[in-house]
Structures are given as C-alpha cells and as structure tokens.
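Nothing in this text is a laboratory measurement; each read-out follows from the coordinates by a stated rule. This is a predicted model, so every value here is computed, not measured. Quick reminder, even Gly has a Cβ in these numbers, built from the backbone with ideal geometry, and neighbours come from all protein chains shown.
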Amino acid sequence: MPKSKTKVFKTFFLVIFMTRICIIRKDRCNLKKCNFLCASLCPVNRAGKECITEVNVKARLDESLCNGCGICSKKCPFSAVSVLNLPGKLKEQPIHRYAENAFELFSLPIVKKNTIVGIIGRNGIGKSTALAILAGNLKPNLGNYKNPPSNEEIIKKYSTSVFGDYFTRLFNNKIKISYKPQRIELLPELFKGKVIDLLEKIDERNILDKLMKELEIEDIKDRNIKDLSGGELQRIAIIAAAVKKADFYYFDEPSSFLDITYRIKIAKIIRDLGKEAAVVVIEHDLATLDYISDEIQIVYGEPTCYGIFSQSKPVKRGVNEYLDGKLDSENIRFRNYSIKFFDSSLGKTFSDEVLFDIPEQEKKLGIFSLKVSPITLHKGEVLCIMGANGLGKSTFLNLVSDEIENNSYKKQSLELIDKKVIDYLKEKAGSEFSSGWYKQNILEKLNIQSILNNNIKDLSGGELQKVHIAANLSGDTELVLMDEPSAFIDVEDRLNISEVIKEFVIKKEISAIVVDHDIQFIDHLADSMLVFEGTPGKQGYVNSILNKKNGMNKILKILNITYRRDTQTNRPRINKPGSQLDRKQRKKNEYYYI
C-alpha cells in the first residue's frame, strides 16, 4: 500500500475506532507552576515520541499516541488531565467536539411528536450542547473541529436515521423551533424594553393573557426586562417559548429560580404543549421531571469529557435506572454506585437538648408584613422552609441571622469573589482545612478538590454553589443558615449536599435552617419544617413548626398534589392528577406519601 494511502487509512481507523479520549482542562492547566510534570512522566514521551507537548503554554495530548496508562491524569497537581476509556459498545464518531482535547458529544436525544422527553444527567455532560444543536444554535461538526462539515455532509452522515430528515428540514428552515435557554439571566442583554412589548410581538398562539394570569406576571408586564429578578425572568422566558407556534419545544432547566408553586404550574403548561408538538425538557428536579415527562433519556459519560444519550425509557424505569447507575437494555453501568433513598418520614435523628429558642419575628417592609411564631431548635436538627416566592422566607433568615450572633449564612445570591477557592476556604475553615475530616466530608463529598486552584469568579453556577456551601460549613458556628443550596446543582450533587449538611449538623451538635424549593431535596434533608403562607409581596406568616410528615402534607395540600413512594427505589414521586392513588390519598387527607 502506498505511504499516503497508509496514512489516510490510519487516520480513518483512529477516528472511527478510537476507544480512548484525552481531555485537557485548559482553565486548570498551569505548566509554569508544575514544570510540565505530565510530559516528564509520560512513558511515551520518555520513549522518544511526542505524546504530550506544549501549545500556547498549555499541555496538548495526542490521543493517537496515548497508551492509556493514566500517569498524567493521576499526577497532575491541578486535576487538568483526564484519560478515559470509552464504552466498548460505542462505535460511532462524535456528533460534536469543541476542540482538541476538549469535550465530545456522541449522540442526541430522540424527539417524538406528541411526546415530552425528559433529559436527566450530570452537569457538564452535554445536555445543553445537544439542545443547542437540535435548536439550530450550534452546528454539529461530527468531531472535525478543524474542518467542520457542510450541511450536506451532516445530512448524509445521518441519512439512515431519524436525524437525517430532522437536519434536512432544520437546515432548510422547514421546521419551527421554540427554545427556552438555560442562561435566562442573559435575557436582559438580548432584549430591551418592557415585558409586554416583547411578549405581544411573539404571541402566535393567542394565549398570552391566559399564561400571564397562570404564571402571575400581570403586575410586572409593564416593567423593564432589565429590572426583573431571576424567578421573574424564568417565567417570562417560559411564556415566550410557549406562546410561539412550533413543531418542537425545547426547555433547558425551566424550574431554576422558581418556587415549588410555579414548578407545578410550568409543568402543566409544558404538558399542554406536548399534546400538539414534540417537547424536550432538561431538568435536575426529579419530582418535576417525573411529573412533566412521558419518556426519559439518560445522558451518561464523564462530566466535561464526553456524553452519550441512552435509548428512550418509560419515566419510572428511566429515573430508576439513572439512580441505579446502570442502563438495563444497553447493559452499561455508568456509575459504580446506586443513589439510595430512605423513608425519612418517620423517626427522629436530633437530640432533645434545646439549642435555641427563637422569639416571634415580625417585620414590615413597605407594604409587606411578615409574622413568624416562636420556634425551638435542637442539637442536630435541620429545619427546612418551603413556600411561595414573596412570602418572606429570605427575610426570615435575615432576621434570625441578626437575632443569633454565632451563625454561618449562605445567601441566595452567590458572590463572585476574585480569589482562589483554596485561599477562600482556608480563610473560612482555618486550621480545620488541613484535617482529614474536612478533606473527606467537605472537599471530597462536595467534589470540589479538583477546582481548589481555580479562581472563584471563573466557576460555573454549580461549582460556585458548592464552594459557598463548603464555606458555609467551615469554621466554628452554632447555627447554619442556607438559602436555596440546591440551585444550579444536579441530582447526584443535590443528594450529596443534603447528606453533607445533615452529617455536619449532627457531628458539630448544632442546628441548621434551610430554605429550598426542591421537594425531593427537602424530603431527604428535613427533620422539621416551617411552611410559609400568605399573599406574595403583601403578607407572609407561619403559625408553628411542624414535623416533616405534617409539614410536607401541608405544603403539598396547598399545591394540590399528592406524593407517593416508588416501590423500587423508595424515592418520592408525584401522583398523576385523578389517578386511583391520587384520589385515594386525597380522600384520606394524606398528600404526603403513604
């Protein structure tokens, strides 16, 4: 075989049958500080070949030369290198790769008419990338980031699958798409002016008035978009997507920034869209995802490295397989442990010893008034707070913070500090930072060891949240206060965070008060509850502290939904309205699982 043809054949072989992927996190790579350690240790380099080289003061790893020994990955002091074997059954080339030694996406979700497909997976595993491709906002390069393919080449590549027809219609503007992006905080940069002016321009289904009433934005319709809060922007973005006539509706994390009341409302709006169109929803709130979806597709792989979409599965089976960490029909284990739920509705885990008696709290802010009855906190107790936005939950945390001096308070808004993570946490934890307990129970369980050398202002939303939670659980305190710690966090990390908080409170013999909107997160964490009632923006009140069973029953009754336990995983699930179990629980006034 001529030399040129041999080279072409080898290149083709490597593209199609490469079973290993090498990732360099350029935001972490710091050759000046490590003295190019990975290259000096690489056995391929030491044999005289250039497997690891330097390009623009960053490491470059040649996947065709890498032998998979993993020495560079294990020894990198900044956790910047990942060398991973891909699943043995994976034969196709990637649908998209951002750059050399960068993230690869190997497949897309299958969309179906009159079906709502729920997508579940870790942060950084390609969910938003897939939606951007389907929405036409990102053109897939089939892994060829240097010379991206033409539209015709992409269509030809997928001519034997459903995506051949989809991309043909997409590239020829023959389908209409409505897309609700993840980063809704960027909307004020894209749209200027009043809310009503934006929405009236795009109301193609003549349902704007109905949706504005359902999501309660009539009072803010004349406000400027740049003046809206995160929750208000989210509701506007969902309405903007829903009022358009479309063949495909894509929603990326629609429940973020929303309280539990609005999560149920937007779930019903999205379900209505699924009666006439194809809908895809990415969501971390398992209860909301369960409630919205007709089918589930799991994205597995390695965060920031590669992602693969599973086959469609019935909702119950899909969520349960995700929790189990194993895809049954594909016979692939993507996680070496199962996520467990325990029946925490009964039993008591905290001491009888009283730590704080917090007197009645009253506050007036303009036209808004708040009144909370006296509460008692015990050693080892986690008190969780639920209720609609605008009822004074954050105001209550501020009042408690002023009342009790020795507290640690993680607020809802996350400060972007110009400081390295390691320096910030050392400052907060003091000498405890170097202890084995802190490393194991805070750094490792929150999975932030790999970002210790990153600057806080450069972190993603999920990373930033975990760093602030770690800081909140550092140092000497008697009371931990947390406002929405599950925001921006994926399913696995939400459960890890709830366990970290609970273990910290028990070990330190302190108390915690946590505000959150994720029912599953609260169910996993709470010992007792406060349920805020009233009129948003006008009045908020709490009559008494409740045990978790009564507290959950009360909030779910307010929401008009019932909850049961999954028989296989014991996870809480929302009953479909009007189902036999839903009717049975309502009759017994048991809105919380029985």
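Laid out as a table, the results:
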quantity: Mean projected area in nm² (Cα convex hull; one quarter of hull surface) for region 105-333; calculated: 12.9 nm²
quantity: Residues 73, 159, 82, sorted so that the one with the fewest Cβ neighbours within 10 Å comes first; calculated: 159, 73, 82
quantity: Radius of gyration and maximum dimension Dmax of region 108-219, Cα, Å; calculated: 17.4, 51
quantity: Region 100-147: proportion of alpha-carbon pairs further apart than 13 angstrom, %; calculated: 63 percent
quantity: Across 112/213; 174/244; 201/268, pairs whose alpha-carbon gap is larger than 21 Å; calculated: 112/213; 201/268
quantity: Debye, to nearest 20: dipole size of the chain, +1 on Lys, Arg Cβ, -1 on Asp, Glu Cβ; calculated: 2280 debye
quantity: Cleavage-rule hits (trypsin sites (Lys or Arg not before Pro)) in region 535-594: DSSP loop, at most 15 neighbouring Cβ within 10 angstrom; calculated: 538
quantity: Folded to 0 to 90 degrees: helix 491-508 orientation relative to the chain principal axis, Cα; calculated: 50 degrees
quantity: Mean projection area, nm², convex hull over Cα of region 259-298; calculated: 2.8 nm²
quantity: Mean shadow area of region 533-594 over all directions, Cα convex hull, nm²; calculated: 5.2 nm²
quantity: Under 15 Å from residue 548, Cα to Cα: aspartates and glutamates that are on another chain or at least 8 residues apart; calculated: 343, 381, 516, 518, 523, 527, 590
quantity: Estimated dipole of region 105-333 in Debye, rounded to 20 [Cβ of Lys and Arg +1, of Asp and Glu -1, Cα centre]; calculated: 560 debye
quantity: ³J(HN,Hα), Karplus 6.51/-1.76/1.60, whole Hz, each residue of region 387-393, x for Gly, Pro; calculated: x, 5, 4, x, 9, x, 5
quantity: Using alpha-carbon coordinates, inclination of helix 230-242 to the longest axis of the chain, degrees; calculated: 60 degrees
quantity: Cα Rg over Rh - region 17-85, Kirkwood; calculated: 0.92
quantity: Using alpha carbons only: equivalent-ellipsoid semi-axes of the chain, gyration tensor based, whole Å; calculated: 41, 32, 22
quantity: Cα centroid of region 453-498 to Cα centroid of region 395-409, whole Å; calculated: 18 Å
quantity: 3J(HN,Hα) from dihedral phi, region 567-583, Karplus parametrisation 6.51/-1.76/1.60, rounded to Hz, x for glycine, proline; calculated: 5, 8, 10, 6, 6, x, 10, 7, 6, 5, x, x, 5, 4, 5, 4, 5
quantity: q = 0.12, 0.13, 0.20, 0.22 Å⁻¹: log10 I(q)/I(0) that the Debye formula gives for region 320-449, counting C-alpha atoms only; calculated: -0.84, -0.96, -1.25, -1.28
quantity: DSSP-loop chymotrypsin sites (Phe, Trp or Tyr not before Pro) across region 169-237, with at most 13 other Cβ within 10 angstrom; calculated: none
quantity: For residue 104, distant residues with modelled amide H under 5 Å away; calculated: 306, 307
quantity: ³J(HN,Hα) computed for each position of region 193-198 - Karplus, 6.51 cos²θ - 1.76 cosθ + 1.60, integer Hz, glycine/proline x; calculated: x, 7, 4, 5, 5, 5
quantity: Point-charge dipole on Cβ atoms (K/R +1, D/E -1) for region 44-149, about Cα centre, debye to 20; calculated: 300 debye
quantity: Chymotrypsin sites (Phe, Trp or Tyr not before Pro) within region 71-122, DSSP loop, no more than 14 other Cβ atoms inside 10 Å; calculated: 98
